[in-house]
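Down below is the structure, laid out as structure tokens.
The values are calculated or read from the model by the stated rules, or taken from the named source; none is laboratory data. This is a predicted model, so every value here is computed, not measured. Glycine gets a Cβ as well: all are built from the backbone with ideal geometry, and neighbour counts include every protein chain shown.
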Amino acid sequence: MSRFAVFAAPGLLAYFALVLVPIGIAIAYSLTNKDPFNPPTRWVGLDNLTSLPSDDEFLQALKNTTVIAGIVTLVTNAGGLALAVLLDRRGWFYNALRSVFFIPVVLSAVVVSVIWQTILVDDGLLNSMLRQLGMGNPPGWLSDPSLALYTVSWVIAWQGLGFCVVVYLAGLQSIPKELYEAAAIDGCGPVMRFCHVTWPMLAPAVTINTVMSLIGGFKAYDQVQVLTNGGPGPGTTSTLAFQVIQTAFTGNHIGYASAMAAVMLAMVATISVIALRLLQKREVSS
């Protein structure tokens, strides 16, 4: 027990100091009108929290965040599974492709966003190519309010795709070949083998990727800041994380921003736990 404590203590202390303490401070601030430029700080209780349901900017950010999280979860899982099935081969070529798909995961979200911004702006690479192909008025991927949110979602999903590919590949390579052989002997074709062997055996990988994608979608900030700065228009692509940062460091309303952050933390934790429980039940049944 003493050896365990010695090895665990540094990690636990770091987790306590860098995660639990800031969360506690944020929750405490959410119960005040904290504003560093307008002292003194007063206790307001639950006033900040009760104001959120009538805050149009917060509700718009909540809606946008939900849309992004849903798109990211669907795209990364569907695309990641499809690519993993295609890359589940032996050879240097497929190994190289795996590395290529994983590169965006290790890059900074800011770097990825800057690269995509040069591609997606109105006079960027993509629209220049579309004009070369004869499209006179190509879409405003980042300037059109009806497209911007989906464009941001695509960039976030694109960066997270490689992680899902690697997890699904690990799941595919852990499936015993005997199961496929037995299914083939029973007359199952490729589609039936996927439905009755591959998909059930990938249940743990589906759980990991779904929960991680949901969390990644709900905490989206860097891509929004770089690509659209919350626009175009008022709050078109603003997310909860973006709204928290803007309220705290642009508006200097630390207490109100902390209340938003507390709600965001509770939402992400609740949704993650529910998704984890439901998906783990599928693992058992599979």
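For the stretch 13-32, indicate whether the set of residues that are aromatic (Phe, Trp, Tyr) and within 18 Å of GLY160 (Cβ to Cβ) is non-empty.
Within the stretch 13-32, none of the residues are aromatic (Phe, Trp, Tyr) and within 18 Å of GLY160 (Cβ to Cβ).
Going by what's in this entry, would THR32 be described as touching a Phe, Trp or Tyr at 6+ places or on another chain (Cβ under 9 Å), hydroxyl-bearing (Ser, Thr, Tyr) and within 29 Å of VAL152 (Cα to Cα)?
no
Pick from VAL206, VAL224, VAL244: which is more than 16 Å from the chain's Cα centre (by Cα) and on the phi < 0 side of the Ramachandran plot?
Of VAL206, VAL224, VAL244, the one residue that is more than 16 Å from the chain's Cα centre (by Cα) and on the phi < 0 side of the Ramachandran plot is VAL244.
Is it fair to say VAL165 is under 27 Å from the mean Cα position of the chain (by Cα) and surrounded by 21 or more Cβ atoms within 10 Å (Cβ to Cβ)?
The answer is yes for VAL165.
Residue-wise test of (1) on the phi > 0 side of the Ramachandran plot; (2) surrounded by 13 or more Cβ atoms within 10 Å (Cβ to Cβ); (3) not in a loop (DSSP other than H, G, I, E, B).
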| position | (1), (2), (3) |
| --- | --- |
| PHE93 | no, no, yes |
| ASP123 | no, no, no |
| ASN127 | no, yes, yes |
| GLY134 | yes, no, no |
| ASN137 | no, no, no |
| LEU142 | no, yes, no |
| SER146 | no, no, no |
| LEU149 | no, yes, yes |
| VAL155 | no, yes, yes |
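Is it the case that VAL191 is over 30 Å from VAL110 (Cα atoms) and of a type in the set (Val, Ile, Thr)?
When the stated conditions are applied, VAL191 passes them.
I'm trying to understand the selection: among the residues of the stretch 29-76, which are aliphatic (A, V, I, L, M) and either touching a Lys or Arg at 6+ places or on another chain (Cβ under 7 Å) or in contact (Cβ under 8 Å) with a residue 60 or more places away in the chain (or both)?
LEU31, VAL44, LEU49, LEU52, ALA61, LEU62, VAL67, ILE68, ALA69, ILE71, VAL72, VAL75
Any idea which of VAL211, VAL244 is in contact with a Ser or Thr (Cβ under 7 Å, 6 or more places away or on another chain) and among the aliphatic types (A, V, I, L, M)?
VAL211
Look at THR73 and say whether it is part of a helix (DSSP H, G or I), among the hydroxyl-bearing types (Ser, Thr, Tyr) and buried (at least 16 other Cβ atoms within 10 Å of the Cβ).
Against the criterion (part of a helix (DSSP H, G or I), among the hydroxyl-bearing types (Ser, Thr, Tyr) and buried (at least 16 other Cβ atoms within 10 Å of the Cβ)), THR73 qualifies.
Contact list please: Cβ distance under 7 Å, first residue in the stretch 240-252 and closer than 18 Å to ASN33 by Cβ, second residue among the β-branched types (Val, Ile, Thr) and assigned to a helix (DSSP H, G or I), pairs at least six apart or on different chains.
From residues that are closer than 18 Å to ASN33 by Cβ, the pairs are ALA248/ILE254.
So which residues in the stretch 48-70 are surrounded by 15 or more Cβ atoms within 10 Å (Cβ to Cβ), farther than 19 Å from THR207 by Cβ and touching a Leu at 6+ places or on another chain (Cβ under 9 Å), if there are any at all?
Across the stretch 48-70, the qualifying residues are ASN48, LEU49, LEU52, PHE58, ALA61, LEU62, ASN64, THR65, VAL67, ILE68.
Does ASN48 meet the test of being within 20 Å of CYS164 (Cα to Cα) and in contact with a helix residue (DSSP H, G or I) (Cβ under 9 Å, 6 or more places away or on another chain)?
No, not satisfied.
So which helices (runs of 4 or more DSSP H) are wholly in the stretch 1-53 and hold at least 1 residues that are at pLDDT below 90 and more than 29 Å from the chain's Cα centre (by Cα)?
Where helices (runs of 4 or more DSSP H) fall fully within the stretch 1-53 and carry at least 1 residues being at pLDDT below 90 and more than 29 Å from the chain's Cα centre (by Cα), they are 2-15.
Can you find, within the stretch 103-114, the residue that is nearest to the chain's Cα centre (by Cα) among those that are part of a helix (DSSP H, G or I) and surrounded by fewer than 16 Cβ atoms within 10 Å (Cβ to Cβ)?
Restricting to residues being part of a helix (DSSP H, G or I) and surrounded by fewer than 16 Cβ atoms within 10 Å (Cβ to Cβ), the top hit is VAL105.
I need a count of the residues in the stretch 84-102 that are within 21 Å of LEU279 (Cβ to Cβ) and either of a type outside the set (Gly, Ala, Ser) or at pLDDT 95 or above (or both).
Looking only at that region, the number is 1.
For the stretch 93-107: of the residues being of a type outside the set (D, E, K, R) and touching a residue at least 24 places away in the same chain (Cβ under 8 Å), which is nearest to MET212 (Cα to Cα)?
VAL105
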